[in-house]
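Rule-based calculations on the coordinates, nothing more; no lab input. Only a predicted model underlies this, so the values are computations on that prediction, with no experimental measurement involved. Heads up, the Cβs are rebuilt from the backbone with ideal geometry, glycines too, and the neighbour counts pull from every protein chain shown.
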Amino acid sequence: MSATSWLLDVRHLRKSFPIRRGWNRKVVGAVAAVDDVSFTIREGETLGLVGESGCGKTTTARCILRAMSPTSGEILFRAADGRVVDLAPLSRAELRPLRPQIQMVFQDPFGSLNPRMTIFDNVGEPLLVNGLRDRRARLDRVADLLELTGLRPEHMHRFPHAFSGGQRQRIGIARALATEPRLVVADEPVSALDVSVQAQVLNLLLELQTRLHLTLLFVAHDLSVVKHISDRVAVMYVGQLVELATAEEIFRHPRHPYTAALMRAVPVPDPHAPSGDVALSGEVANPANPPPGCYFHPRCPFALDVCRTETPLIREIQAGHLVRCHRADELVLTGVGG
Amino acid sequence: MTTPVLEVKDLRVHFFLDEGLVRAVDGVSFEVQPGQVVGIVGESGCGKSVTMKAILQIVEPPGRIVGGQILFHKNSGAPVDLTQLSPKSAELRAIRGAEIALIPQEPMAAFSPVHSVGAQVIEALKLHERQWRPSGPPLSRTEARSMTVDLFRSVGISMPEERVDAYSWQLSGGLRQRAMIAMALSCRPRLLIADEPTTAIDVTTQAQILNLLRDLQRRHGTAIVFITHDLGVIAQMARYVVVMYLGRVVEQGAVEQIFHEPKHPYTRALLKSIPSVTVAPRTLLPTIAGSIPHPLGRPRGCPFHPRCPDAIPGLCAERVPALRPVGPTQLASCFLYNRDEAVEP
């Protein structure tokens, strides 16, 4: 890969939330929801961000969208005019011209569309906000967008309640694409959908990406969904990035014990498949009070003394394969075939 | 063949809404053998949860059981038809919680936040004392407490002596679900209904809970009706599978048959459309055309025909296929296998 090919370069991103107690809401501590996360997304690729609840994947996505301000770190974005901008310190006004270039697809297809606005108004609003005042032109553009996402343009004057979950998610995608964004952040876009509809939406995202050369940050908890859509996969655990590699590589040869355990915990739809005998013990650590050393050591079957005391650093173990584990070199972990 | 624990025969549960009639469950039949895990799987609106509620007689109005039988076979004596019992009758309340227990989807909502989890298990033990212990002296508080501690230990809760006094909101999702399982098992039920017990839980914790349920099932031989939308979970848990679509059973059979030789076009398409961790990255998935119809706009004939690739013109849109054998332990309701047998509307 050439050094200029990235679209987004996240460096040492941190976001902590204060813990308040008592009648005067005194700050008694902090939860490091995102703890020193760095990764890049190349133009035209899909990066899958996976982890269990509370791992900081959504907070990371929201910081990139600047729906919240990061505590520290840089979010370098290559804008359409070729400039590299750090999104992290920008004010609302400064972000405004960049907003059309970074768009979001939401998880809940029911909550994310305004029920009092027609599909035309829902999808057309980003266009209106960004200066497309001519209604005729908006109608044409919305019709194109609906067609692009597999919906019938003649339905654009209906209200969201007339559509099923899968169709609403298509509408959400059409709205995200309205401003021709360079980066689309999709936070669990299929987790609220039924299996038979989920496949349609995943296929749509794959097709749109190839057609429009989209760059996608795909946040999900479901590893099988992530594998279907991603070029590269990043795994988070208690606010930290623990592993990052190409989808092929990370599933075939995971190097972090957590990644391997996460993969084998997914129930395989085959009654002959071995069933979760290797389940991890214990539960996800509390990000407000993480264990010393490696955050994963209390649950890790391979933990040594060093894991209990020293925090491992993320390092490149192979070209393009990052892992945060003291024992990554010696461990032989099994992935899932493919 | 041994006597089943539960026989559901042609169950119909309809919801009488202002907008019209919703046939949420429309002619569902299956059996649960002693010690068997039966999985009920389907997408939203297929009627799997309403079936569960009908078994426990907790269908809320405007829903009503309008037909069919739910025969529950106790250890001894004649089977009871649960549909004939009033939801508030002493007889049904003696069965509910004691002989048929439920593991709900959301343990946070199921536990009372103002009583400790231990107190709630003790309450269940005392309430159903005569069902699980027909004779003997009345259960004392200390005895009930030590039983609860033992139950907590058996479901893998660490430090059970302290955890019995914890409130549900102090426990993590996994521990809460374990406490719920302890409560469900406290009265040694003959039948356990698990309604999406791991849907609200993370995947590594889900693996632990599924292992625990499998292990407890093996040890106690409890029959389980396992309801989920996750085909992966079903494949790992159930011996016998019932696939539902829009209130009807489309196919049922032994788990190997359902997953390796699915007969109904819906089952086949559904299995193909699941994303899998074992395929190559970035591949298109086979899909099922269209979406699940609105419950009020249920299609005529076979409910799946508008989305079915194999629909027979003039037949599938007109008549409803009956559930008929298509293999030694497999039934399907599809005209591809039985052209002549339809259900009378």
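Below, the figures for the structure above:
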read-out	value
Nonlocal amide H pairs with B:G67, under 5 Å, H built at 1.01 Å	B:R12
Ranked list, fewest to most other Cβ atoms within 10 Å of each Cβ, for B:M159, A:M117, B:M244	B:M159, A:M117, B:M244
Local net charge near A:R327, Cβ-Cβ under 15 Å (Lys/Arg +1, Asp/Glu -1)	0
Label-point gap, in nm, between B:V343 and B:K272 - each point 7 angstrom along Cα→Cβ	2.6 nm
Value of [θ]222 nm, deg cm²/dmol, for chain B, DSSP H segments ≥ 4, -39500 (n - 2.57) each, nearest 500	-8500 deg cm²/dmol
Theoretical ellipticity at 222 nm over chain A - DSSP helices of four or more residues, -39500 (n - 2.57) apiece, nearest 500	-8000 deg cm²/dmol
Inter-probe distance in nm under a simple model that places probes 7 Å from Cα toward Cβ, at B:D10 and B:M159	5.7 nm
Anisotropy class of the stretch B:213-258 from Cα gyration tensor, a/c 1.5 cut	prolate
Cut-off 19 Å (backbone N to label point 7 Å along Cα→Cβ of B:A78), residues of the stretch B:174-214	none
Between helix A:195-212 and chain A: long-axis angle, C-alpha atoms, 0 to 90°, nearest 10	70 degrees
Per-selection Kirkwood Rh - the stretch B:108-188 (Cα, Å, 1 d.p.)	12.6 Å
Stokes-Einstein D in µm²/s, Kirkwood radius over Cα pairs - the stretch B:174-238 at 37 °C with 0.692 mPa s viscosity	274 µm²/s
Sum of side-chain charges, A:V123 neighbourhood, beta-carbon under 15 Å (Lys, Arg +1; Asp, Glu -1)	+2
Fewest-first sequence of A:T210, A:T58, B:T283, B:T278 by Cβ atoms within 10 Å of each Cβ	A:T210, B:T283, B:T278, A:T58
Difference of contour (0.36 nm per residue) and Cα-Cα distance, A:K26 to A:L139	35.5 nm
Pairwise label distance in nanometres, A:R11 with A:E94, each label 7 Å out on the Cα-Cβ vector	1.6 nm
Summed residue charge, Cβ within 13 Å of B:E129's Cβ, Lys/Arg positive, Asp/Glu negative	+3
Whole-number D in µm² s⁻¹ for chain B, Kirkwood Cα-pair radius fed into Stokes-Einstein, 37 °C, 0.692 mPa s	154 µm²/s
Centroid-to-centroid separation of the stretch B:213-243 and the stretch A:217-277 [C-alpha atoms, Å]	24 Å
Order of A:F106, B:F226 under a 10 Å beta carbon neighbour criterion, fewest first	A:F106, B:F226
For the stretch B:10-74 and the stretch B:290-307, distance of Cα centres in Å	19 Å
Over chain A, equivalent-ellipsoid semi-axes from the Cα gyration tensor in Å	36, 24, 20
Dipole magnitude (debye, nearest 20) for the protein assembly as shown, charges at Cβ of Lys, Arg, Asp, Glu	1100 debye
Chain A: most fluctuating residue of A:R11, A:R92, A:R255 per GNM, C-alpha cutoff 10 Å	A:R92
At q = 0.07, 0.10, 0.11 Å⁻¹, base-10 log of I(q)/I(0) for the protein assembly as shown (Debye sum, equal scatterers on each alpha carbon)	-0.52, -1.07, -1.26
Computed E for A:H155/A:D305 - FRET, C-beta separation, R0 51 angstrom, nearest 0.05	0.20
